[in-house]
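Trainee: Questions regarding the structure given below will be posed in turn.
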Amino acid sequence: MQINVYDNLASPELFEAARAWLLAQSPVFGWRAHAQAPGTFWHRNFVLPGTHQHHYDHGAWNSELSYEAFLKNSGPLAEVAEIVRREHFGNVALTRVWANYQTFGDESAFHRDFPVQYSKTARTAVWYPVMRWERDWGGDFVTLDETGEVNACALIKPNRLVVFNGTKTHAARPISRYCNELRIAVSFGCEVDHD
């Protein structure tokens with residue numbers, strides 16, 4: 001699977017409600033795409049129970065950040081997660097849900113969401129709850145092939161979902177200084193198939 005792009009994931013009402021919920025959260029500044037990444041950005045984990053290997057250090061894992069707790073406490077974003085899970089994850093419970101908040105000057109280095117040993121089962125879906133986005137603002141989603149060359153790319157659009165193998169190397173490209181919007185990307189992931 002390269003990448004698959006789906007537009008209009010949520011209804012307009014759910015889109016607005018989930019966006020408002022995300023903007024009311026308290027992200028953590030200084031997050032890096034990987035430990036040696038040169039740039040940082042705002043980030044928030046919602047599901048990260050530490051049940052599988054991630055690139056995070058153990059201090060970021062929290063057994064209370066389970067998918068079940070997320071569904072109980074996260075309102076409209078939980079509704080979006082359930083749509084993603086049913087339509088793109090084969091009803092497998094998600095093992096990670098997180099959000100990145102970026103503006104001009106925040107960069108995300110190339111990285112993998114899950115270790116390569118999960119290459120047959122890992123999946124990530126990235127959703128863009130942005131009000132508007134001009135293509136000249138950058139921030140595009142890019143994946144690399146095994147030789148390090150770009151092999152797939154998707155532009156940001158409001159309410160767009162991008163689904164791909166979570167072990168593929170990928171990044172959000174830099175955002176233009178002319179961009180005056182917040183680039184919000186919510187990722188839903190699972191590294192193993194429980195069937």
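Trainee: Considering only the range 93-106, state which residues are farther than 11 Å from Phe188 by Cβ and crowded, with 18+ Cβ neighbours inside 10 Å.
Mentor: Passing the criteria: Asn100, Tyr101, Gln102, Asp106.
Trainee: Continuing with this model, one more query. From (1) surrounded by fewer than 15 Cβ atoms within 10 Å (Cβ to Cβ); (2) of a type outside the set (Ser, Thr, Tyr); (3) under 17 Å from the mean Cα position of the chain (by Cα); (4) within 23 Å of Ala154 (Cα to Cα), pick out the condition that doesn't hold for Phe29.
Mentor: The number of the failed condition is (4).
Trainee: May I pose another question? Which of the strands (runs of 3 or more DSSP E) contained wholly in the range 81-195 include at least 3 residues that are closer than 26 Å to Glu16 by Cα?
Mentor: 96-102, 123-128, 160-164, 183-190
Trainee: Still on this structure, I have one more. Counting only residues that are farther than 19 Å from Ala37 by Cα and touching a Gly at 6+ places or on another chain (Cβ under 9 Å), how many does the range 156-177 have?
Mentor: So the answer is 3.
Trainee: Oh, and also: So Ser176 passes all but one of these: (1) closer than 16 Å to Val84 by Cβ; (2) in contact with a helix residue (DSSP H, G or I) (Cβ under 8 Å, 6 or more places away or on another chain); (3) of a type outside the set (Phe, Trp, Tyr). Which condition number does it fail?
Mentor: Here Ser176 clears every test but (1).
Trainee: Same structure, new question: Against the conditions (1) within 26 Å of Gln2 (Cα to Cα); (2) in contact with a helix residue (DSSP H, G or I) (Cβ under 7 Å, 6 or more places away or on another chain); (3) surrounded by 14 or more Cβ atoms within 10 Å (Cβ to Cβ), where does Phe70 fall short? Just the number, please.
Mentor: The one condition Phe70 does not meet is (1).
A short reminder: the numbers here are calculations on the coordinates, not readings from a lab. Keep in mind that what you see is a predicted model, and the values were worked out from it rather than measured. Virtual Cβ from ideal backbone geometry, glycine too; neighbours counted across all protein chains shown.
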